[in-house]
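The values are calculated or read from the model by the stated rules, or taken from the named source; none is laboratory data. Computed from a predicted model, the values in this text were never measured in an experiment. Glycine also receives a Cβ, built like all others from the backbone with ideal geometry; neighbour counts cover every protein chain displayed. Remember, those area values only see protein heavy atoms, side chains included, never the ligands or the DNA or RNA. Shrake-Rupley method; radii C 1.70, N 1.55, O 1.52, S 1.80 Å.
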Amino acid sequence: MKQLYRSYDESTEIFKQFQEKYPNYFKMESIGKTWEKRDINLITISSDIKSADNNPALFFTGTIHAREWVGHELGIEFATYILDNLETDPTLQSYLKNITIYMVPCANPDGYEYSRNHFSFWRKNRRVNADGSYGVDLNRNFPIGYVKSTATTSNVYGGPEPFSEPETRALRDFVEAHENITIALDYHSQGNVFFPAHDFRHEDTIDTTDMNTLCANMAEEIRKISGREYGIHQGKPPTKLISGSGREFYHSRGIISSVVEVGTRNISDYMDDMNEHLREHIPALLAAVKEVPNYSEKNSVYRVKSFETTEIGSNHANLKWSYETDKNIFFEIYRSLKDKNFCNPSNLIARTQSLEFSDINLQSNIDYFYNIRVVNKKTGEKSPFYPQIRLRTDPDYDEFSRTYYANAKETGYVAENLNDNSKHFGVNSLFVGVDENKGVSYAIVTINLKSLHSDALIKSATFNLYPINRVSTTIEKYGEWNVGIVDPDSIKDITNFDDVENMKILRYIGRPTESHQLTQGIWRSWHLSGLECLDLQQLASSTEKIVLRVEGPKELRVGRTRQMMQWDIGYGKFGYGLGYRPRLELTYTMKPTITELYPKAVYTVSKEEVKSDEISAGYDKDGSAIYSTFEFNLSSLPPYNDTFITKAYFELNSTKIYIKDDIRFHLEFVDENIDQDYKSITNREIIQNVGFDVSATELKNNQKQYFTFDTFSEITLNEKLKSKSDVAFVLKPTSSKKAIKNKSVSWEVKNKSLSPKLIIEHIPKRRNPVEKVSNAKIIKDNGKIKITWDNPKDEAFKGVKVIKNAYRKPYSTHDGQKIYAGVDDYTFDDFGAKDINKYYAIFTYDDVPNYSKPVILEYQVK
Ligand SMILES: [Zn+2]
């Protein structure tokens with residue numbers, strides 16, 4: 001099988017032939033010699049090779065790690081694809097008219113040949129080190145974040161100094177001489193993941209959104225072809241960051257830069273899905289090629305100057321931005337439901353020349369992600385993206401929202417063949433699947449739901465896990481990962497493998513995650529169905545906590561050693577922290593209290609007379625309308641600030657019916673100060689119509705009639721609650737016929753059970769946030785950034801959230817990195833870079849949660 005991979009000499013020969021066959025499009029040159037005197041081949045593809053260096057360019061590198069053969073092979077395949085199609089494919093032609101492709105398909109020819117011919121697991125180049133050992137890891141030999149080491153036999157030995165190696169010097173010299181390069185992609189294997197440059201910083205860089213979007217657009221092309229999901233993982237502290245890599249060097253020169261980890265195995269000494277991988281990466285590469293001009297210095301459009309949220313409701317969000325307006329430009333707004341999503345026509349929600357946008361029809365209590373770029377409509381040039389906005393819509397009027405994090409001590413994993421399973425709780429990560437050494441592994445995630453209100457009715461729930469590593473999931477399309485709710489009666493020792501395996505699962509939640517959907521760096525979510533929410537609710541009310549068991553495949557395939565996924569626990573030294581803990585997101589409402597109100601007064605108002613304590617409606621002997629009016633008092637309801645009316649209906653019972661089928665009645669919400677005389681009633685101002693008309697037929701069939709309040713009437717009723725005033729209604733007859741005389745309906749008044757009633761369902765819910773924090777400041781404490789504040793003294797205060805953003809003052813508690821959530825009055829930004837300006841926003845919240853307006857602290861570099 002290995003023979004199917006081309007040797008270095010073979011690819012050189014192929015490129016020579018291309019050069020002869022396509023001299024206008026293709027060029028091969030040597031940009032340096034390796035230790036073993038091989039030429040380092042660089043190829044250029046352009047629709048006019050002579051002017052190639054004048055166009056913005058993509059820089060492709062592969063196989064800098066000797067055993068990661070797929071880069072070299074993909075380079076050959078990509079070049080072949082373009083040359084085969086360039087003369088017939090108009091899209092390719094239009095790309096290559098303005099864009100150049102440079103490729104070093106094999107950046108480590110000596111190592112590659114050594115790996116092919118001697119030791120397939122070889123990774124470094126073939127330098128002879130001073131101590132006689134061999135090799136430098138070329139992807140640790142660049143200067144950015146370079147770490148000096150004397151461990152020459154290490155697989156990641158970075159060489160005696162940055163650029164000590166001819167291979168890295170060749171790449172450096174070429175990149176430094178070609179400022180037209182705008183995007184650099186470095187191909188490795190394995191992991192099905194993109195690793196964009198991180199700059200060794202906790203904060204995002206101005207082009208983080210650009211890099212994430214580029215990778216996501218490429219990933220989407222891959223998903224279209226094979227269903228395979230690629231992760232995007234920038235890697236931020238506290239993760240161990242890769243030192244001295246090419247990617248960071250390219251990014252330091254202003255190039256959009258990412259590593260692409262192809263496939264699931266290092267050495268491609270298997271061929272099952274090799275062609276599949278190559279095939280899906282060609283459209284992905286073309287998606288990158290398309291973006292090349294947008295990052296060129298010659299691009300006439302630049303990113304917007306700001307991009308902000310100005311308002312969030314439960315169903316809408318308003319955004320604004322700034323730019324020098326110009327009739328030739330417009331803005332594209334993209335909306336996503338997940339972080340690091342693609343931006344393509346399928347989620348382009350607006351093209352506008354305005355500097356603001358109101359997005360309506362959103363769902364309540366959901367995270368939305370917005371991206372913006374500028375387009376020149378004449379040239380088609382697009383700007384880079386402004387850093388992404390993330391927001392969460394408010395809970396709806398009857399909703400509450402909760403995020404529950406896993407409880408550290410009772411969250412961990414148990415493996416069949418390990419004796420010390422209790423040590424896997426509260427630290428590091430969750431291993432789930434099967435492995436030759438560990439055997440079968442389950443994760444246990446315990447979530448304390450004690451604070452959930454006993455009257456809560458769960459409307460929706462999502463369980464989320466953050467995948468940190470899929471490297472050991474070596475087989476694609478084999479096995480699935482499921483989350484089950486454990487029957488509390490079957491729980492014994494959660495740290496004992498047998499006890500965990502014998503747990504009874506009440507219900508598996510959401511849909512299984514299949515192995516090819518596993519990525520790293522992108523949250524995996526299990527959405528609970530209505531029935532699953534109900535189970536969760538019942539369990540929460542009886543046990544106050546739930547235990548979830550995460551399980552993966554339990555058997556290995558012949559000859560395979562592992563099929564294991566690693567999820568973040570968010571605790572301990574190696575966990576990514578608060579933002580990455582397993583969590584359960586709930587949206588719930590409350591069981592309502594029902595209050596029945598009886599009328600304070602009722603009248604029948606006709607042209608002839610006004611009768612109190614009696615109600616009928618219809619037409620009198622002259623054909624004039626007879627109205628019924630009703631007054632209620634709301635003072636028996638709980639206070640407005642802590643109450644939401646969620647439902648209301650008006651009940652009437654008829655007694656005598658003298659009407660024909662063409663009469664209908666409707667109920668109007670009117671001003672409570674209306675006078676009870678015919679003139680005032682006929683000239684009444686209608687605030688809202690309540691519910692639907694009732695027809696004579698319906699009345700005849702049913703003595704009892706309900707007029708159900710619609711959303712607008714409910715809003716009016718809620719407003720009236722604010723002043724605890726009276727409310728008034730008029731029942732009005734209508735007909736399409738002109739002269740109807742002596743037809744009316746009378747309604748019960750005296751009998752209490754049949755009396756007119758205003759039936760109001762309401763829930764206890766605070767309407768307003770608690771006070772903001774006071775006295776907030778940034779101080780330096782032992783070289784760290786510390787933020788302190790005073791919490792408001794209010795029983796309803798439940799905590800604060802601290803959000804960091806380097807590009808805008810966070811408007812939403814989701815717009816940035818979450819630094820802290822809890823009831824303390826200080827926090828540290830443990831990994832915060834001290835050399836960049838940024839904002840910290842402190843929000844207080846109550847139990848809804850209603851968030852206060854943020855208190856913004858500006859961190860300014862002195
Ligand atoms: Zn690699």
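A few points about this structure:
- Under-5 Å amide H pairs with Ile819, H placed in peptide plane, nonlocal only: Val802, Ile803, Lys804
- Carbon and sulfur %, accessible surface of the chain computed with the full protein complex present, 1.4 Å: 46 percent
- Hydrodynamic radius of region 16-58 per Kirkwood, over alpha carbon pairs, in Å: 11.3 Å
- 20 °C / 1.002 mPa s Stokes-Einstein diffusion coefficient of the chain, Kirkwood radius on C-alpha pairs, µm²/s: 68 µm²/s
- If you take all other residues with their beta carbon under 12 Å from the beta carbon of Asp199, and give Lys and Arg +1 and Asp and Glu -1, the sum is -2.
- Each residue of region 503-517 was assigned a 3J(HN,Hα) from its phi angle through the Karplus curve 6.51 cos²θ - 1.76 cosθ + 1.60 (θ = phi - 60°); the sequence is 4, 8, 9, 5, 6, 7, 9, x, 9, x, 9, 8, 4, 6, 8 Hz, with glycine and proline shown as x.
- Relative contact order computed over region 467-556 (Cα-Cα under 8 Å; 6+ residues apart), in percent: 41 percent
- Asp131-Asn24 pseudo-label distance in nm [points 7 Å out on the Cα-to-Cβ vector]: 5.7 nm
- Computed over region 9-50: relative contact order in percent, which uses C-alpha pairs under 8 Å that are six or more apart: 37 percent
- Modelled this way, with points 7 Å down the Cα-to-C-beta line, the labels at Tyr302 and Ala739 are 8.1 nm from one another.
- Percentage relative contact order, the chain, counting C-alpha pairs under 8 Å, at least six apart: 9 percent
- Highest to lowest packing among 410-416, 721-727, scored as the average C-beta count within 10 Å: 410-416, 721-727
- Across Lys647/Lys750; Lys784/Lys838; Lys600/Lys720, pairs whose alpha-carbon gap is larger than 23 Å: Lys647/Lys750
- Where a label projected 7 Å from the Cα of Val427 along Cα→Cβ would reach, residues of region 534-573 with amide N under 11 Å: 572-573
- Semi-axis lengths, Å, region 178-336, gyration tensor of Cα atoms, sqrt of 5 times eigenvalues: 30, 19, 18
- Sites Asp326 and Lys492, calculated FRET efficiency, Cβ-Cβ separation with R0 56 Å, nearest 0.05: 0.20
- Treating r as the C-beta distance of Asp825 and Lys607 and R0 as 56 Å, the FRET efficiency rounds to 0.20.
- 1.4 Å probe accessible area per residue over the chain, in Å²: 42 Å²
- Spatially proximal lysines relative to Lys737 (Cα-Cα < 16 Å; intrachain offsets below 8 disregarded): Lys621, Lys660
- Highest average packing first - 548-555, 732-739, 59-66, 534-541, Cβ atoms within 10 Å: 59-66, 548-555, 534-541, 732-739
- If you take all other residues with their beta carbon under 13 Å from the beta carbon of Glu381, and give Lys and Arg +1 and Asp and Glu -1, the sum is +3.
- Paired Rg and Dmax values of region 690-844, which use every Cα atom, in angstrom: 28.5, 90
- Of all DSSP-defined beta bridges confined to the chain, some 90% are antiparallel rather than parallel.
- Modelled spin-label separation between Arg351 and Thr88, with each label point placed 7 Å from Cα along the Cα-to-Cβ direction: 3.1 nm.
- Using distinct alpha-carbon pairs, which all enter the 1/r mean, Kirkwood radius of region 74-116 in Å: 12.1 Å
- Inverse mean reciprocal Cα-Cα distance (Kirkwood Rh) of region 388-533, Å: 17.1 Å
- Debye, to nearest 20: dipole size of the chain, +1 on Lys, Arg Cβ, -1 on Asp, Glu Cβ: 660 debye
- Ratio of Rg to Rh over region 752-828 (Cα coordinates, Kirkwood Rh, two decimals): 1.28
- Within-13-Å neighbourhood charge of Glu555 [Cβ basis; K, R +1; D, E -1]: -1
- Counting 0.36 nm for each residue step from Asp367 to Lys752 and taking away their Cα separation leaves a gain of 133.7 nm.
- Among the listed pairs Lys450/Lys765; Lys409/Lys591; Lys305/Lys804; Lys409/Lys793; Lys320/Lys724; Lys450/Lys801, those beyond 28 Å (Cα-Cα): Lys409/Lys591; Lys409/Lys793; Lys320/Lys724
- Protection proxy ranking of 89-98, 362-371 - average other beta-carbon atoms within 10 Å, highest first: 362-371, 89-98
- From the largest down, region 441-507 spans 46, 29, 19 angstrom on the principal axes of its Cα atoms.
- Taking the charge dipole of region 125-246 about its Cα centre, with +1 at Lys and Arg Cβ atoms and -1 at Asp and Glu Cβ atoms, the residue from Gly235, Thr213, Val175 reaching farthest to the positive side is Gly235.
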